[in-house]
Amino acid sequence: MSSPTRLCVLVVLLTTAPGTALVTDASVSRRDLLVRGAAAAPLVFRPVRPAAAESGLSREAIEAKLSRVPVFAVTNRNDQPYLTEVDDRGRRSGFFFLDPREAIATYKDVKAVDPAASLSVVSLDSIWFRLPRSTEEALAAPQPSAGTSTDIRLFEVKPFDGEAPEANAILKRTGRPALGAKIIPLFFSPSLTLPVDGLEQRPYFFRLEDLKTSIGQDAAPVTVEVTDLTTMVEQMAATSLSPPPLLVAAAEAAALVERMGTGTSSAVGARNDPLEQLALTSPFAGGR
C-alpha cells in the first residue's frame with residue numbers, strides 16, 4: 001500500500017480523558033465505558049472549530065467527529081484489505097466492520113488460507129470520504145488481479161447486524177420509511193446530551209442497547225429517534241446543528257481498542273471470550 005493511501009493503523013483510537021483511569025477491571029460499568037468512550041479523544045485529535053451561524057462544519061471538522069469511531073478490516077502482511085465478497089457477476093468487494101465480532105469471524109476465515117492475515121483497526125474518518133457514494137461509483141473501480149485492494153471504492157462499511165430491524169420499528173411508529181439494507185442507523189434521544197470537550201453535545205449511538213445503557217434503567221421513559229450516518233454527515237456539512245452531534249462508538253468496539261492498547265483484560269472469564277483473546281493474542285496490522 002503506498003504511503004499516501006496507507007491505512008493508518010491506530011493501536012489506540014480512543015485515549016482516556018485527562019484524569020481518567022484506563023478500564024482494567026470488571027468493576028467498571030458498561031455505562032462508564034460508554035461515557036468515557038464518548039468523552040475520549042482520538043489518538044490524533046483535531047479540535048472542531050466553531051462554525052458561523054447557520055453554516056455547516058468543514059470537512060476537517062467532520063473528519064474529527066468521525067475519527068472517534070473505529071472500524072475493523074482483515075488485511076494481508078502489507079496492510080492491504082481483503083476483498084471477501086463476490087456478487088453474481090463475479091465482482092469482488094470487501095467490508096470495513098463496525099462490529100469487531102463480525103471482523104473476527106472474517107479474520108478466522110481468511111487466516112485459514114493466509115496465515116499472515118491480521119486484523120487492522122482504522123478510524124472511520126480515514127476511509128469515509130473515499131467510500132463509493134453510488135453503485136455506479138463502485139462499479140467504476142477496476143477489479144484487481146489479487147484478492148486485496150487499496151481502492152476504497154471496492155469497500156463499504158458494514159452496519160451492526162440486528163440494529164436495522166430496531167431502527168425500522170422506531171421509524172414505522174413515526175410513519176417514516178424504513179432504512180435500506182446497507183444504511184447505517186444511528187439512535188439518539190432529543191433529551192440526552194453529554195458534556196464533552198467543554199460543550200454539551202448530543203450523542204448518536206450505533207447500537208440501540210448502548211443508548212439505553214447511557215440513559216439508565218431507572219430513568220424516566222424518553223423518546224428514542226433514528227437517523228443514519230450518511231444523513232448525519234450531510235447535515236453536519238450543510239448546517240450548524242444544535243446541540244452539536246457526537247458519534248459514540250459501540251461499547252464492544254471501544255473496549256477492544258482500549259484492550260489492544262493496554263494488553264489487559266477487564267472481564268472475569270475473559271480467556272473464554274474470543275473478543276478478549278483476539279485483543280490480547282492476535283496480530284494487528286502495523287503492530288506485529
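Read-outs throughout are calculated quantities, based only on the coordinates presented, and are distinct from any laboratory measurement. Every value quoted in this text rests on a predicted model; they were computed, and no experiment measured them. Because the Cβ atoms are built from the backbone with ideal geometry, glycine has one as well, and the counts that use them run over all protein chains shown.
Where Rh denotes the Kirkwood radius from the mean inverse Cα pair distance, what is Rg over Rh for the range 146-208?
Using only Cα positions, Rg/Rh for the range 146-208 is 1.12.
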What would the Debye formula give as log10 I(q)/I(0) at q = 0.12, 0.16, 0.28 Å⁻¹ for the alpha-carbon point model of the range 112-177, no solvent? -0.53, -0.82, -1.17
Amide N proximity, the range 116-154 versus residue 91 label position 7 Å along Cα-to-Cβ, cut-off under 18 Å: 130-154
Measuring from centroid to centroid over Cα atoms, what is the spacing of the range 73-147 and the range 186-203 in Å? 32
Go through the range 124-201 and name the trypsin sites (Lys or Arg not before Pro) that are in a DSSP coil and have 16 or fewer other Cβ atoms within 10 Å of their Cβ. 130, 133, 182
